Amino acid sequence: MTEFGPALKAWRQARRQSQMDLAHAAGVSPRHLAFLETGRARPSRGMVLRLAQTLTLPHPGLNALLSSAGFAPHFPALPLTDQAMTQARVALDWMITRHAPYPALILDRVWTITALNAPAQALFGPAGFAAGSSLLDAAHPDRLQALVENWVEVGHHALLRLRAESAAAGGIPELDRAAAQLAQVSEIARFLPPAPVTVLIPTIYRTPSGPLALFSTFASFGSPAEVGLEGLRVELMFPADKAAEDFLGRLAEDGQIAHSQP
């Protein structure tokens, strides 16, 4: 287990704050903060919470910082099947079900698919994606090139997103490894967005029926008080052009994708 002082210092440096900056923002003396980082002083539970909130730690990071100081976790970590999670499950299912005939996925903090609606199953199931699959596999350069026509552009944006999400969480090894793989591809590493920049950047999927251009929006819980819910993201995909809209409409009319229910 990492000791509190080194853990606090690592988070402070990850947030690019000096001891003076953090002390001022948290309302403690720089001397006391220095003593906490060197182990010359021990924090109270309240002090750990104050510093963690000032550093905007994610729930897992805050729990880990408390544990390093010898305190119990602050946020619970429950399976989605737990009774206490019922309303969250209902909300998640409501969103992805009513998003049909457009695809929708629920992803956890390491990009594992927790659930997907019928359109997503119909479109991405043949490519091997189902509940429990990891989209980090799709971010592998070889897989990305096989699945996506504009794979260099999409890979570049995936690289930026992986780095940003990992940095915000204080480092997520799974995301860092996927980012490193993408960064090794020269086309992705050197990619520069064309000018002028378009309003939306679609992902153009390769399908047996031809290219399918979709763009995504992401939804998350506004005030989660549970570790897993904080990391969940609902990816709602929309057609990026008339051809994609017509394609998804035809699948729904043919009964391959169910329309949403009011």
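The values are calculated or read from the model by the stated rules, or taken from the named source; none is laboratory data. Values in this document were obtained by computation on a predicted structure and should not be read as measured data. Heads up, the Cβs are rebuilt from the backbone with ideal geometry, glycines too, and the neighbour counts pull from every protein chain shown. The accessibility values were calculated without ligands, DNA or RNA, using every heavy atom of the protein model including side chains. Shrake-Rupley method; radii C 1.70, N 1.55, O 1.52, S 1.80 Å.
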Give the residue that is least open to solvent (accessible area, probe 1.4 Å), with candidates limited to residues of segment 134-155 that are part of a helix (DSSP H, G or I) and either charged (D, E, K, R) or at positive phi (or both).
-> Glu153
Being open to solvent by 60 Å² or more (accessible area, probe 1.4 Å) and assigned to a helix (DSSP H, G or I), is that true of even one residue in segment 33-47?
-> yes
When Thr217 is evaluated against the numbered criteria (1) at pLDDT 95 or above; (2) in a strand (DSSP E or B); (3) crowded, with 16+ Cβ neighbours inside 10 Å, which criterion, by number, is the only one it fails?
-> (3)
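Taking His74, is it surrounded by fewer than 19 Cβ atoms within 10 Å (Cβ to Cβ), touching a helix residue (DSSP H, G or I) at 6+ places or on another chain (Cβ under 8 Å), under 23 Å from Ile201 (Cα atoms) and not hydroxyl-bearing (Ser, Thr, Tyr)? Working first, answer last.
Values: surrounded by fewer than 19 Cβ atoms within 10 Å (Cβ to Cβ): yes; touching a helix residue (DSSP H, G or I) at 6+ places or on another chain (Cβ under 8 Å): yes; under 23 Å from Ile201 (Cα atoms): no; not hydroxyl-bearing (Ser, Thr, Tyr): yes.
Spelling it out, it is not the case that His74 is surrounded by fewer than 19 Cβ atoms within 10 Å (Cβ to Cβ), touching a helix residue (DSSP H, G or I) at 6+ places or on another chain (Cβ under 8 Å), under 23 Å from Ile201 (Cα atoms) and not hydroxyl-bearing (Ser, Thr, Tyr).
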Selected residue (only one of Arg109, Arg98 is under 26 Å from Phe4 (Cβ atoms) and in contact (Cβ under 8 Å) with a residue 60 or more places away in the chain) | Arg109
If Leu182 passes every condition in (1) surrounded by fewer than 17 Cβ atoms within 10 Å (Cβ to Cβ); (2) without any contact (Cβ under 8 Å) to a residue 60 or more places away in the chain; (3) in a helix (DSSP H, G or I) but one, which one does it miss?
-> (1)
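Every residue, every condition in (1) over 17 Å from Pro202 (Cβ atoms); (2) open to solvent by less than 40 Å² (accessible area, probe 1.4 Å); (3) part of a loop (DSSP other than H, G, I, E, B); (4) charged (D, E, K, R), yes or no:
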{"position": "Ile96", "(1), (2), (3), (4)": "yes, yes, no, no"}
{"position": "Ile106", "(1), (2), (3), (4)": "yes, yes, no, no"}
{"position": "Gly125", "(1), (2), (3), (4)": "yes, yes, no, no"}
{"position": "Gly132", "(1), (2), (3), (4)": "yes, no, yes, no"}
{"position": "His157", "(1), (2), (3), (4)": "no, no, no, no"}
{"position": "Arg161", "(1), (2), (3), (4)": "no, no, no, yes"}
Filtering segment 163-179 down to residues that are without any contact (Cβ under 8 Å) to a residue 24 or more places away in the chain and open to solvent by less than 50 Å² (accessible area, probe 1.4 Å), which residue is nearest to Thr56 (Cα to Cα)?
-> Ser166
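Kindly evaluate Phe247 against the criterion of being among the aromatic types (Phe, Trp, Tyr), crowded, with 16+ Cβ neighbours inside 10 Å and within 21 Å of Asn117 (Cβ to Cβ).
On the way: among the aromatic types (Phe, Trp, Tyr): yes; crowded, with 16+ Cβ neighbours inside 10 Å: yes; within 21 Å of Asn117 (Cβ to Cβ): yes.
So Phe247 passes the test.
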In the list Gln53, Gln121, which residue meets the criterion of being of a type outside the set (Phe, Trp, Tyr), in a helix (DSSP H, G or I) and more than 23 Å from Ala240 (Cα to Cα)?
-> Gln53
Tell me which of these Val28 doesn't satisfy, since it passes every other one: (1) surrounded by 14 or more Cβ atoms within 10 Å (Cβ to Cβ); (2) not in a loop (DSSP other than H, G, I, E, B).
-> (2)
Quick one: which of Ala14, Ala52 is open to solvent by less than 30 Å² (accessible area, probe 1.4 Å) and of a type in the set (Gly, Ala, Ser)?
-> Ala52
Determine whether segment 189-199 contains at least one residue that is surrounded by fewer than 13 Cβ atoms within 10 Å (Cβ to Cβ), of a type outside the set (Gly, Ala, Ser) and under 22 Å from Glu235 (Cα atoms).
-> yes
With respect to Ala23, determine if the residue is at pLDDT 95 or above, of a type in the set (Gly, Ala, Ser) and buried (at least 16 other Cβ atoms within 10 Å of the Cβ).
-> yes
